Amino acid sequence: MPLLEIKNLHVEVEGKKILNGLTLTIKKGQVAAIMGPNGSGKSTLAYVLAGKANYHVTEGDVLLDGASILEMKPDERAAKGVFLAFQYPVEVPGVATMTFLRTALNAQRKTRGEGELSTPEFMKLVRDTSAHLGVNQEMLRRPVNVGFSGGEKKRNEILQMAILRPRLAVLDETDSGLDIDALQIVAEGVNRLRSPERSMIVITHYQRLLNFIVPDVVHVLAKGRVVKTGGKELALELEAKGYAQYVDEAA
């Protein structure tokens, strides 16, 4: 059984149709890249998967392990293992990063019927994980993303993903605004989390991210639906030729 099945998904935002019959299957352990021009529905897909408000599904379904998640609240989806890394991570003034991480992790463990981690267990987990991502102790003491550079915010999100260990990770243009050094650090963090039991959707405009996070499959979105699927070489073709032919086909 695939981990994620999206069936004939139609979505409206403020009365405007964004997704128009999107159908997509993500296998367990698969890293799937989603590429497409501005306005093709890439971020809308990410928000619908995470359960963001005001994204209205008018037709179709989204199945995780064969069960629909559309009626689940965002926290219920998170407990089921869905994680969204935002294109522009939000700041949370007044909440220390360590407090945020521990609260999120223990909330998910409680929902799954697991015990909370003790303080020493949690501290060891964060210390071991953050060292690989260039996240220092000073960053962990600061409020979530407040005063962070773009690269620091993205590394902090990958740290969250590494701590929460989701089954489905959706990375929405995580390369946005990153220089090459920060991109390599973020990509290394993502690659460390590749697993036969974890699937990832990597949403990006550009092929350069896929030099570092090599996808198993590439899907092209245009006009709110998948118009082409191929291997990693498809990303190179898009880099060379652009999206015009696929936009025309979708029209």
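None of the figures in this text is laboratory data; all of them are computed from the coordinates on show. Not measured: the values here are computed from a predicted model. Virtual Cβ from ideal backbone geometry, glycine too; neighbours counted across all protein chains shown.
If you take the Cα centroid of segment 165-182 and the Cα centroid of segment 11-79, the two points sit 18 Å apart.
Note that segment 4-250, at 20 °C in a medium of 1.002 mPa s, gets a Stokes-Einstein diffusion coefficient of 115 µm²/s from its Kirkwood radius over C-alpha pairs.
Taking 51 Å as R0, compute the FRET efficiency from the Cβ-Cβ separation of residue 95 and residue 232 and round it to 0.05. The value I calculate is 0.85.
Contact order, relative form, for segment 4-250: 29 percent (alpha carbon pairs under 8 Å, 6 or more residues apart, mean separation divided by residue count).
Note on 69, 34: ascending count of other Cβ atoms within 10 Å places them as 69, 34, the fewest first. Model label sites at residue 165 and residue 8, defined 7 Å from Cα along the beta-carbon direction, differ in position by 3.9 nm. Mean sequence separation of contacting Cα pairs (under 8 Å, at least six apart), scaled by the length of segment 97-198, corresponds to a relative contact order of 31 percent.
In this calculation the C-beta distance from residue 75 to residue 240 is compared with R0 = 45 Å, giving a FRET efficiency of 0.60.
Kirkwood hydrodynamic radius computed over segment 67-182 comes to 14.9 Å, based on all pairs of distinct alpha carbons. Taking a virtual spin label 7 Å from the Cα of residue 1 along the C-beta vector, which residues in segment 10-50 bring their backbone nitrogen under 19 Å of it? Once the point is set 7 Å along Cα→Cβ of residue 1, 24-30 turn out to lie under 19 Å by backbone N, inside segment 10-50. When each of the peptides 153-161, 75-83 is scored by how many other beta carbons lie within 10 Å of its residues on average, the order from highest to lowest is 153-161, 75-83. Shape index of segment 106-251: Rg/Rh, with Rg the Cα radius of gyration and Rh the Kirkwood radius from the inverse mean 1/r over Cα pairs, equals 1.04. Assuming charge only on the beta carbon of Lys and Arg (+1) and of Asp and Glu (-1), the dipole of the chain about its Cα centre is about 440 debye to the nearest 20. Count Lys and Arg as plus one, Asp and Glu as minus one, and take only other residues whose Cβ is under 12 Å from that of residue 148; the net charge is then 0. Rounded to 0.05, the FRET efficiency of the residue 128 and residue 54 pair, given R0 = 51 Å and the Cβ-Cβ distance, is 0.85. Label sites at residue 121 and residue 179, each approximated as a point 7 angstrom past Cα along Cα to Cβ, lie 4.0 nm apart. In segment 4-250, taking the dipole from charged Cβ atoms about the Cα centre, the farthest positive-side position among 242, 125, 209 is held by 125. Counted by neighbouring Cβ atoms within 10 Å, the residues 180, 213 run from fewest to most as 180, 213.
With 22 Å as the limit on Cα-Cα distance, the pairs of 17/153; 28/154; 7/42; 154/223; 28/232; 16/52 that go past it are 17/153; 28/154; 154/223.
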